[in-house]
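The values are calculated or read from the model by the stated rules, or taken from the named source; none is laboratory data. Quick caveat: nothing in here was measured; it's all calculated off a predicted structure. All Cβ positions, glycine included, derive from the backbone under ideal geometry; neighbour counts span all protein chains shown. Surface accessibility is based on the protein's heavy atoms, side chains included, excluding ligands, DNA and RNA. Shrake-Rupley method; radii C 1.70, N 1.55, O 1.52, S 1.80 Å.
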Amino acid sequence: MKSVLFVCLGNICRSPLGEGILRDKVNRKGLDLKIDSAGTESLHVGESPDRRSTKTAREKGIDISKQVARQIRISDFDEFDLILVADAQVYREVISMTRNETDKKKVDFMMNMLKPGSNTAVPDPYYGGQDGFEKVYDMLNRACDSLLKNLK
Ligand code: 4NP
């Protein structure tokens, strides 16, 4: 596996954290892995991550402020080996874009990296407080550790 794409709704809260956390771990370990993130919706395209995500990451020593939100595109299925979705709604959207079985096989839930097949959602923190972002960080931190442990 050489590339991972994190996908949520807006690409401003959850998937930027996933991208930032995994990139930080990969850099620390000196691994070579292409990492990016995207959203299923176009609402926030071109924006920086939500400042609550940026703050949560910064407190852990990770700078995600330079990321820019973009929407998922068909070519992502060619460019990435693994496409990790935040929740069931995002899963349905992404699956609806797939062209064939090869594309479908690349799509999995972020939290399935920790508990395969559980399809646990990373809850949308957008309408809540800072604590929701801390929870997202903790979940994704564990998922990314597990992903790298099982990397083939
Ligand atoms: P994300 O969070 O999908 O984790 O980036 C959201 C960001 C924006 C909205 C919903 C969720 N929104 O409704 O604008």
(request) Starting from the range 41-63, keep only residues that are at positive phi, then list their pairs with residues that are within 10 Å of the ligand (Cβ to nearest atom) whose Cβ atoms are within a distance under 9 Å, requiring at least 6 positions of separation or different chains. (result) 46/69
(request) Would you check if there is a residue in the range 131-147 being away from the ligand (no atom under 16 Å from the Cβ), outside any helix (DSSP H, G or I) and small (Gly, Ala, Ser)? (result) no
(message) Residues to consider are 51, 73, 23, 14; find the one that is among the basic types (Lys, Arg), open to solvent by 70 Å² or more (accessible area, probe 1.4 Å) and within 13 Å of the ligand (Cβ to nearest atom).
(response) 51
(message) Out of 66, 105, 60, I need the residue that is modelled with pLDDT of 95 or more, away from the ligand (no atom under 16 Å from the Cβ) and under 15 Å from residue 137 (Cα atoms). Which one?
(response) 60
(request) Take the range 110-130 and flag every residue that is within 14 Å of the ligand (Cβ to nearest atom) and either hydroxyl-bearing (Ser, Thr, Tyr) or open to solvent by 60 Å² or more (accessible area, probe 1.4 Å) (or both). (result) 124, 126, 127
(message) Within the range 51-73, does at least one residue satisfy the condition of being farther than 18 Å from residue 19 by Cα and not in a strand (DSSP E or B)?
(response) no
